[in-house]
Structures are given as structure tokens and as C-alpha cells.
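This report refers to the structure that appears directly beneath it.
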Amino acid sequence: MSYIDEVLQEVVQQNPNQPEFHQAVKEVLESLRPVVEKDENTYRQAAILERLTMPDRIISFRVAWMDDNGKVQLNNGYRVQYNNALGPYKGGLRFHPSVNLSVMKFLGFEQIFKNSLTGQPIGGAKGGSDFDPKGKSDREVMAFCQSYMTELSKHIGADRDVPAGDIGVGAREIGYLFGQYKRLSGVYEGVITGKGLSYGGSLVRKEATGYGLVYLTEEMLRSNGMDIAGKTVAVSGSGNVAIYAIEKAWQLGAKPITCSDSSGWIYDPEGIDVELLKQVKEVNRARLTAYAEARPSAQYRPGRGVWSVKCDIALPCATQNELKLTDAQALVGHGCIAVAEGANMPTTMEATTYLQQSGVLFCPGKAANAGGVATSVLEMGQNSQRTSWTFEKVDRKLHDIMVNIFHQAEEAAREYGVPGDYVAGANIAGFKRVAEAMLAQGIY
Ligand code: NDP
């Protein structure tokens, strides 16, 4: 049996009931075949794939907090410190009821390759909780964040592990988490990114994942002789990534026509009004029905359906496995030319294969949504230097990083005989840098 098949089998056997984790590992290892088979003995002797798929450490803890009725509530808290061959652990925190160890491990594993692709000195990690901030008062969210950080603070630090936001962890949660860390440690350091501008945050961090996604999409189209201007774009989600992808799509001359949340979705043939969307989601924390009520051209439909709309480009920006085979078939049927993942693993494996085989340009999240973490590293740099850069400077750096990530994936795919397969290219380029560092650093 080949080394890759052996490791795949072991991962499934040793981590039962973790389907998201299995899916992420399978996708990466399958595409590493041409690299690993070239030098199988070296990788096997050093157990590189076993070490890459097993986290350095999993921290799992109880989070107790008091609700507004004086009742004590409990949640599960996690931090998976996956691999620090390239630098301090880095990856977001997700607060959502769907969080479990399988989701944490899939996200942490993906993060290793994403962070490697940025070319910056950061390892991979992920954390979070099954706590749901939706419908909680600010005081309840603060109580939860303080309790979560009380445990997490023992394991993080500016040179050790630097968390950031993700689903359910935005500006409010980051502020409470940072405040509690500072209180416990007595140190004012860049221990978390995505901070507010008044206390060490970076300009463009809030916009970075969405903007970066669209910069990369523009480059992918350009490299294939097309232009993003004039294209219609279907976007799912209406959170941080989706909002700023919509904003940047407008800025580059495209027309975003959909967005969604977990209750329903909007089709707006006039194009999504991004200022209204920000007001509804970022300020009022309301549902998309409020957007439809305020916008005569918008049609609101409950449930799923974003991918049934005719579009040139699809940007899934909500959550994992939200774009399924039937959705991919609908997109191809309507003449969609490109899909780039703003969310992590939003496209199922069957849908990915179908899109690629149908000639749709497809860029995986670990390349397409790396702008968030890349800008987090720019925030860390500014914190260390006690300085802050202009919006234009950070935005230019973000743009260059995204263009570079695309070309790394494109080049690796070409070098290993699968031109145009950006999934394989991203995995190969990300893997090579980490594997080289692990081999150089001995057994650990
Ligand atoms: P937000 O919490 O800001 O927004 C998430 C959006 O997705 C909301 O519209 C939410 O709807 C929707 N959503 C979440 N879960 C589900 C679900 N199970 N079914 C349907 N809709 C759902 O998160 P972000 O925008 O930050 O993150 C979105 C994706 O992007 C995630 O996969 C995340 O890992 C990834 N990502 C984020 C980065 C960042 O910098 N923020 C960086 C890289 C990747 P509702 O409000 O109804 O729950």
C-alpha cells in the first residue's frame, strides 16, 4: 500500500466519527501524491504525514458562565495547536453551536497549509466553542468570553499562539477576549488579531478576507484571459467575509446579486446594497428579512437557494459543505465560469470534482481566503514595531500577497503535471514549505 493510503487509513481508524476532519485530510493527501511519491522513503522514514495529520496538542476545557437570569451555563471550549514548524500557532476562534472536535481539527489542519501559502512565519491552529452568541446580551457574551479566555490564556502568547476571529467571533468578542487576557497576564501584547483600531488593530483587517478573496478571483480570471469587471457574482453568507467580498466586487466593476444567512437568502437583481447590508448585519445584528424590507428591488426567500441563480462567479462565504453537487450542477447549467471559496471547505468533494471536470475555474479556501490571516500577520508586525500603517499600505500588501498565493498554486499545479488544478497546486505549495521546515527541525 502506498504511504499516502496507509496514512489515510490510519487517520480514519484513529479518529472515528470525525467526518469533517477525514474530508479535509483526504482532500489534501490525495493531491500530495505526485510530491510524496517522488520521495516516499524520506517522508515515510520521518513520519511527516503522520506528524502533519496529528495535532501538536489539543486543549479541551469546560467554560462556565452566568446568564442574565443568574443561571450558570456550560459550554465546551477548544484550542487545537496543530503545527508550529513555520512560526507561532495562528488561526481563528469560532463560536457556533456546530463546533466540535472534528470541526476544530479540520479547520486547524487546513490552516497549516493556508498559513504556509501566505509565505509568512506562522504555524497552524484553530479554536472555539459550541457557544452561540446569537440572541445573547452583550453582558452574557462578555461573561462567556472572559471565562473562555481565563483558560485559553494559559496556552497563548504573542510568540506562542495568536488567535483571531472566525464565525461568531467579531469585533465585540475580540475586544472582550483581549481585555481578559490583558487583565490576567498584565501584559499588553499582540496576543490576538482583529483588534479594534483604538487598541492595536490594523486597518484593512476587517475587510481583508473578503477583499483578498476578490483580489485572488480577479487574478485567477486574468491569468485565464478574462476580466472580473462586468461579471455577476453570487455570494453566500452575510457575515464578515461575505460583506467585504461584496464591497470589493462592486469596486472592481462586478455586480454581486445574492447573499444569505442561516434562515434564508436574498436575490437582488439591482445588486446588493452593501451599506444597507452592513447596517442590518454589523450594526443591528438583524436577519436578512430586514434587508428585504428596506430594499424594494430585493427578493427574500427562506431556506437555501443562492446557487440556483444565474451568475458568472460564485463565492461561497458562509460555512463548510454549503455548496453541494446539485448546486454545482445548477451553477454549471447557468454558465458559471469561476468558483472561489471565501469560507473554509464550503464545497463538498463531489461538487469540487464536478466543477473542475466541467471546466469551471476553482480556487480552494486555503488559497482564496488567506487574506484574513495574512493581514493578521501584518497586524502582528505593526504591534511589534509599535506603529500603524495606512489603509493604502496594508491594502497594497494584501493585494500583492493574494496575487502571489494564486501564482504559487498555479505554478505548483503546472510543475506537478496538473495545470489549472488549483486545489492540488495550493496543497502542494503549502505542504512543501512545511515539510521542509519539519525535516530541518528534527524529530518532535
Ligand atoms: P460570520 O460569523 O461573520 O458570518 C458567517 C455567515 O455564514 C453568516 O451569514 C451566517 O448566518 C452564515 N452561516 C454560518 N453558519 C451557517 C450554517 N450552518 N448554515 C448557513 N449559514 C451559515 O463569519 P465569517 O464571515 O467570519 O466566516 C465565514 C466563513 O469564512 C467561515 O467558513 C470561516 O471559517 C471563513 N473564514 C473567515 C475568515 C475571517 O477573517 N473572518 C478568514 C478565513 C476564513 P447566520 O448569521 O444566520 O448564522
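The values are calculated or read from the model by the stated rules, or taken from the named source; none is laboratory data. Because the structure is a prediction, the values reported are computed rather than measured. As a convention, Cβ positions derive from the backbone with ideal geometry for all residues, glycine included, and neighbour counts pool all protein chains shown. What goes into the accessible areas is simple: the full protein's heavy atoms, side chains included, and nothing from ligands, DNA or RNA. Shrake-Rupley method; radii C 1.70, N 1.55, O 1.52, S 1.80 Å.
Of all residues in region 385-444, exactly one satisfies the criterion of being assigned to a loop (DSSP other than H, G, I, E, B) and touching a strand residue (DSSP E or B) at 6+ places or on another chain (Cβ under 8 Å), namely G420. Looking at this structure, is A47 of a type outside the set (F, W, Y) and over 19 Å from the mean Cα position of the chain (by Cα)? So A47 fits the description; yes. Within region 195-225, the residues that satisfy the criterion of being over 26 Å from G127 (Cβ atoms) and crowded, with 17+ Cβ neighbours inside 10 Å are V214, Y215, T217, E218, E219, M220, L221.
Is it true that some residue in region 310-318 is within 19 Å of T217 (Cα to Cα) and surrounded by fewer than 23 Cβ atoms within 10 Å (Cβ to Cβ)? Yes: region 310-318 contains one or more residues that are within 19 Å of T217 (Cα to Cα) and surrounded by fewer than 23 Cβ atoms within 10 Å (Cβ to Cβ). Among the residues making up region 14-33, those that are in contact with a Phe, Trp or Tyr (Cβ under 8 Å, 6 or more places away or on another chain) and either on the phi > 0 side of the Ramachandran plot or in a helix (DSSP H, G or I) (or both) are E20, F21, Q23, A24, V25, V28.
Checking the structure you have, find out if any residue of region 348-359 is touching a strand residue (DSSP E or B) at 6+ places or on another chain (Cβ under 9 Å), open to solvent by 50 Å² or more (accessible area, probe 1.4 Å) and more than 16 Å from the ligand (Cβ to nearest atom). Yes, region 348-359 has at least one match. Candidates in region 99-126 are the residues that are touching a residue at least 60 places away in the same chain (Cβ under 8 Å) and of a type in the set (G, A, S); of these, the one that is surrounded by the fewest Cβ atoms within 10 Å (Cβ to Cβ) is G119.
From the list V80, V63, V12, V36, the lone residue that is touching a residue at least 24 places away in the same chain (Cβ under 8 Å) and outside the structural domain of G157 (by TED's automatic domain parsing) is V36.
Among the residues of region 61-108, those that are polar (S, T, N, Q) and touching a Gly at 6+ places or on another chain (Cβ under 7 Å) comprise N83, N84.
Conditions tested, residue by residue: (1) more than 24 Å from F106 (Cβ to Cβ); (2) part of a loop (DSSP other than H, G, I, E, B); (3) aromatic (F, W, Y).
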| position | (1), (2), (3) |
| --- | --- |
| S262 | no, yes, no |
| Q279 | yes, no, no |
| E293 | yes, no, no |
| P296 | yes, yes, no |
| R301 | yes, no, no |
| C311 | yes, yes, no |
| Q329 | yes, no, no |
| A343 | no, yes, no |
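For R285, the criteria (1) within 16 Å of the ligand (Cβ to nearest atom); (2) surrounded by 24 or more Cβ atoms within 10 Å (Cβ to Cβ) hold in every case but one, which is (2). Any chance region 172-194 includes a residue that's within 11 Å of the ligand (Cβ to nearest atom) and open to solvent by 10 Å² or more (accessible area, probe 1.4 Å)? Within region 172-194, one or more residues are within 11 Å of the ligand (Cβ to nearest atom) and open to solvent by 10 Å² or more (accessible area, probe 1.4 Å).
On the basis of being under 18 Å from the mean Cα position of the chain (by Cα), over 20 Å from G371 (Cα atoms) and small (G, A, S), does G128 make the cut? Judged against the criteria, G128 is a match. Close contacts from region 319-330, counting a first residue that is over 19 Å from F95 (Cβ atoms) and among the small types (G, A, S) and a second that is within 16 Å of the ligand (Cβ to nearest atom) and open to solvent by less than 70 Å² (accessible area, probe 1.4 Å), with Cβ to Cβ under 7 Å and a gap of 6+ residues or different chains, come to A328/A351; A330/W307; A330/S308.
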